[in-house]
1. Taking a cut-off of 14 Å between Cα atoms, list the aspartates and glutamates near LYS563, but don't count ones fewer than 8 places away on the same chain.
2. Relative to the present Cα-Cα distance, how much length would full extension add between ASP226 and TRP201 at 0.36 nm per residue of separation?
3. Kirkwood hydrodynamic radius, segment 173-262, all distinct C-alpha pairs: what's the number in Å?
4. Calculate, in nm to one decimal, what LEU172 and THR379 gain on full extension: separation in residues at 0.36 nm each, minus their alpha carbon distance.
5. Could you tell me how far the Cα centroid of segment 631-658 sits from the Cα centroid of segment 487-520, in Å?
6. Which percent of the Cα-Cα distances in segment 372-422 go past 13 Å?
7. Using only the alpha-carbon atoms of segment 1-127 as identical scatterers, what base-10 log of I(q)/I(0) does the Debye formula give at q = 0.10, 0.20 Å⁻¹?
8. If you take every residue apart from ILE417 with its C-beta less than 12 Å away from the C-beta of ILE417, what net charge results, scoring Lys and Arg +1 and Asp and Glu -1?
Amino acid sequence: MKEFKRYLVTSALPYANGPVHIGHLAGVYVPADIYTRYLRMCGRDVFFVGGSDEHGVPITIQARKQGCSPQDIVDKYHKLIKESFAEFGISFDVYSRTTSGTHYKTASEFFRKLYEDGKFIEKESEQYYDEEAGQFLADRYIVGTCPKCGAEGAYGDQCEKCGSTLSPDELLNPHSALSGKPPVKRRTKHWYLPLNEYEPWLRQWILEGHKEWKTNVYGQCKSWIDGGLQPRAVSRDLDWGIPVPVEGAEGKVLYVWFDAPIGYISNTIEARPDDWEKYWKDPDTKMVHFIGKDNIVFHCIVFPSMLKAHGDFILPENVPANEFLNLEGDKLSTSRNWAIWLHEYLRDFPGKQDVLRYVLCANAPETKDNDFTWKDFQTRNNSELVAIYGNFVNRAVVLTHKYFDGKVPADLKHEQIDDETLAQVPVLKAAITDALEHYRFREALKEAMNLARLGNKYLTDTEPWKVAKTDMDRTASILNVSLRLCADLAIAFAPFIPFSSDRLLTILNLPKDILKWDNIGRGDLLPEGHQIGKAELLFEKIEDEAIDRQMARLEAIREANRKAAAAAAPVEPQKAECTFDEFGKMDIRTATVLEAERVPKTDKLLKLTIDTGIDRRVIVSGIAEYYTPEQMVGKQICILANLAPRKIRGIESKGMILMARQPDGKMRIVTPEETLCNGATIG
């Protein structure tokens, strides 16, 4: 493995059209900060870049909704995001923005170099235009019916109902979000980066040269490359953004995907104008992008192609993208307010930054989507931070004050258990180090907590409170070892929960400059006679009342979303007319569910064994997302009994359950008002 002189760490630039939520933190900023803090503790030259992305179409949409300018929006949210990150302990070396003068200059120069070097292609295409508003429409300003799920209100780039990626041409009944009128097609000229020309190089650089990348990253890149890359527009017809810096480009700005990643470069230049190039142009610099999975293509294929086309910059060595974090079993959504916002958490849980940092790392979506729940948050705090880590430190410090007036005792009577315990410290340090070097932050945190578990076990096994009754020399050795472990914990946990490590250093009366990775297990940080501070609780229990308040808030949001969805969703139109004879062919009757079980390897199917009054049969129904097997057993239902049988997942299904679909898409079983005999006909 190559040794690097320095490290450049970037984290995805959040859109400055709203606050930061826990999904952003778990996916990007907490792991990036852990990695950067660890590198600093190792004495490595590292520069950590962050900043706000301020030129996306969501900015203009938000401004239009609030009746203000886009600059007003980005000024408001850039300030909120920057202050929230600082209070949460995300230790950026620079956090700037893409509306800065430095960024405008850097992005314009980047474009001009590629333009003058002939790296772009120019072509005309037909794009949607709003004649009433007098402007071309960005994808987000084109709204219609999703062709995949039929949901109304899908955007020209994505359906938020089913999550499908779309193009404006795929939308059914498209209309302008500005005027509400159907748009027309008009020809317009744009510049494109021909990604197809970089496909052979990308195949070699990624698929052959970076097989060590995380499976989700490598797999997504391979899928895109194998599917064939297409030229990608680098300009847009908009009035908010960096103007395209060439003649004949009036009314056009740099496309945000082209503009935003250059922000990493411009922010570095802004903070280090004299030596920024060593981080961006020296091959001895290791660049690591921390992003969410929705940004993999941009950071692994598009931005590297831009850098390759430019020719002066290094390429990322790794892109350890995370999957998504859900909230209480539901997808995080800014538009539905289904989120835990960082600035609100900091208000509701003052002084508890480290609890959220710990929980988000312990439950990080590193290999698959994970779920955040308030109960898990409470349990991890109370059962791990309080009961394991905090408990060990408190016992060691309290006993030192009780028996030795708060002075570190000498190691007067060393025994084998002391050596065995201390011998595990370098083993755990090596495990933490390896996990951090390879971006396995959950594993690293688990090993750090094992160090606290080691301390608790040591105190439980040696029982200094009992030994002190007969042997103070032995008691001195036990507490000497325990305090050494406390110092090791302060260092080992510093990348993960830095505020708590600082508090522990205060308790141990140690300076912050001992927070060096090589000091773990050193053993001489607390010499004999060193006066430690008074005992204080590192962590506090979180009571049910605090969690109940958060759950009540979420339930209120969930209910408001239900009502809004029901109000906004249109009732399905009446189907084509049928005759009485046609209706009479349907044999609809009551039945009772006798048995119910999930169909293996499916998320939606239940296998139901029912009593129809005329026979006992099986129906396979896609209701598992609405009803559990336990809820179905004993329930009386209505079925279409004479529907032709068909096999579903190898199971013969004879009939169909009558269901009612609500405007918000949820399904409910139609049941008789009172219990009827099985086989009662309906019609």
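The values are calculated or read from the model by the stated rules, or taken from the named source; none is laboratory data. Quick caveat: nothing in here was measured; it's all calculated off a predicted structure. Glycine also receives a Cβ, built like all others from the backbone with ideal geometry; neighbour counts cover every protein chain displayed. With ligands, DNA and RNA removed, areas are computed over all heavy atoms of the protein, side chains included. Shrake-Rupley method; radii C 1.70, N 1.55, O 1.52, S 1.80 Å.
1. Counting by Cα, and skipping residues close in sequence, LYS563 has these aspartates and glutamates nearby: GLU555, ASP664.
2. Details: separation 25, 0.36 × 25 = 9.00 nm, distance 1.29 nm.
Once the chain is fully extended between ASP226 and TRP201, it gains 7.7 nm.
3. Working: mean 1/r = 0.0625 Å⁻¹.
Taking the inverse mean of 1/r over all distinct Cα pairs, segment 173-262 comes out at 16.0 Å.
4. 69.8 nm
5. Between the Cα centres of segment 487-520 and segment 631-658 lies a distance of 62 Å.
6. In whole percent, the long-distance tail amounts to 71.
7. Values, matching the q order: -0.44, -1.14.
8. -3
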